[in-house]
Amino acid sequence: MSAANWRKAMNSGAGRMAMTARPAPVASISVLTGHRESEPVSWIGFVRGQISARHVIVLTLLIVYPFVATPFFTFQIAAQALALGMIALSLAFLGGYGGMISLAQMTVAGIAGYVVAIFGTSASEAISLNWPWWVVVPFAVAVATIAGALIGWLSVRTEGIYTIMITLAIGVAFHYLTLQNYSVFNGFQGLQRVYPPTVLGIDWRSPIPFYFLCLFFALAAYCAVKYVIRAPFGVALQGIRDNPRRMRALGFHVTAHRVTAYAFTAAIAAVGGVLFTWYNGLVTPGSVGTSWLINVLIIAVLGGMRHPIGAFLGAIVFVLLQNFAIDLVDRERFNLVIGGVFLAIVLFSPDGLVGLWMRLKRRFGGVESR
C-alpha cells in the first residue's frame, strides 16, 4: 500500500474500521511461524529466558576443557570445530530459518581470510601490505559482509535448486580467480604464515589462548543467532520462508529481508573465516574449493539445519572423522566415511543429530510428559 493510499484509508471511517479489524503484521507472522512473541525481545529478557542450569553446566565444561585436554584435542579438534561451526552456523540460519541454501558461505569466509592475508602479514612480503591487525580484522569482516550481501542480492530472486546453482557458481568462480591470479592471491600456493597477532603479551597462536578466542566468538555468534530468531526480523524471515507471497501482501519487503539475512550470516562466516585462516596459518585456493563448499553444507545438515547448536555438533563430528577416519580406512577414502555418515543421518534423522536426540528424548520421556 502506498503512502497516499495509507493516509486516505486512515482518514476515512471505513479505513479505520478496517485497520482495527485487521491483525497486526507481527501477529500474522506468529500464526505462520508458530511464534507467540509480538513484542521486540530485549537482550536482558533474552538472556534471562535462555540461561538455565544446563547452559551453565555446558559453559563450565567448555571453560574447563582446555585445561584437562591435550594440546592436540584443544587446538586441532576443539578450536577447529568452533571455527568451522561458525561458518556452518551461517548456512544453517540461512537454510533453516530463511529457506535459502547457499553454497557460497565458505567463499565469504575465504574472502575474509584472503583480506587478512593480503592487507595484514604473511610470508609473501611482496603482496602483503602489513597493516596492523586492529585495522585488518574489522576491514576483512566488513569486506566479506558486503560480498555476502552482494551474493544474496544476486541469488534471492531465485528459489530452490536455482539458488544453490547460483551460489555454487559464485564459489567456483572465486576459487578459479584465486587459483589463476598470482599478483594478488599468489596462485595455487596461496598466502602462507598468516598467524594471529600477539596482543597483551599473549601468543594467540598457542592452543589454549586460540581455543578461548574461538570459543568467545562462537558463543557470540550463537547468542546473536538465537536472539535474531526470536526478534521481529527473525520471525518475519521465518514467515517469508513459509509463505513469501502472504508476507509480501502484509507489507513486508521480502527481498530486503532476505538480503539482510545474507549480510547477517556473512558477518558470522567472515569471523569464522578469519579464525579458520589463523588456525591453518595459511589461505589457499584449496580453502575455497568445491570440496569445502560441500563440507560446510554437510556439517550444517549433520547437526540439524533448524538448530543453531547443531552446526557446532556437526563440526565436531566432521573434525573427529577427519582426524581419526584414517585409522579405519585409507586417507584417500576419507570422503567415503563422511558420505556414509551423512547418508545415515539423512535417512534416519532428516533434522540432523539434534533432531535425532529430540526424537529419542520424546520416545523415552513421552510417558512422563503426558
Just to be sure before I move on: is A126 assigned to a helix (DSSP H, G or I) and among the small types (G, A, S) in the structure I sent?
no
Quick one: in the range 269-290, of everything that is of a type outside the set (G, A, S), surrounded by fewer than 23 Cβ atoms within 10 Å (Cβ to Cβ) and under 14 Å from V172 (Cβ atoms), which residue is farthest from the chain's Cα centre (by Cα)?
P285
Give the number of residues within the range 96-137 that are touching a His at 6+ places or on another chain (Cβ under 9 Å) and either surrounded by fewer than 22 Cβ atoms within 10 Å (Cβ to Cβ) or modelled with pLDDT of 95 or more (or both).
2
Kindly state which helices (runs of 4 or more DSSP H) lie completely within the range 138-254 and contain at least 1 residues that are of a type in the set (V, I, T) and surrounded by 15 or more Cβ atoms within 10 Å (Cβ to Cβ).
161-180, 207-230, 232-242
Might you check whether a residue that is free of Cβ contacts under 8 Å to residues at least 24 places away in the same chain and of a type in the set (A, V, I, L, M) occurs anywhere in the range 194-213?
yes
Residue list for the range 28-78, filter: of a type in the set (D, E) and either at pLDDT 55 or above or surrounded by 11 or more Cβ atoms within 10 Å (Cβ to Cβ) (or both):
E37
Taking the range 199-223 as the search range and keeping residues that are in contact with a helix residue (DSSP H, G or I) (Cβ under 6 Å, 6 or more places away or on another chain) and among the hydroxyl-bearing types (S, T, Y), which one is farthest from W133 (Cα to Cα)?
Y222
For the range 345-361, indicate whether the set of residues that are within 24 Å of V225 (Cα to Cα) and among the polar types (S, T, N, Q) is non-empty.
yes
Tell me whether the range 197-204 contains one or more residues that are modelled with pLDDT of 95 or more and either touching a Ser or Thr at 6+ places or on another chain (Cβ under 6 Å) or more than 19 Å from T107 (Cβ to Cβ) (or both).
no
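Residues checked against (1) more than 21 Å from L150 (Cβ to Cβ); (2) modelled with pLDDT under 95; (3) small (G, A, S):
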{"position": "T260", "(1), (2), (3)": "no, no, no"}
{"position": "F264", "(1), (2), (3)": "no, no, no"}
{"position": "A267", "(1), (2), (3)": "no, no, yes"}
{"position": "L297", "(1), (2), (3)": "no, yes, no"}
{"position": "I309", "(1), (2), (3)": "yes, yes, no"}
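The values are calculated or read from the model by the stated rules, or taken from the named source; none is laboratory data. Not measured: the values here are computed from a predicted model. Using ideal geometry, Cβ is built from the backbone for each residue, glycine included, and neighbour counts are taken over all protein chains shown.
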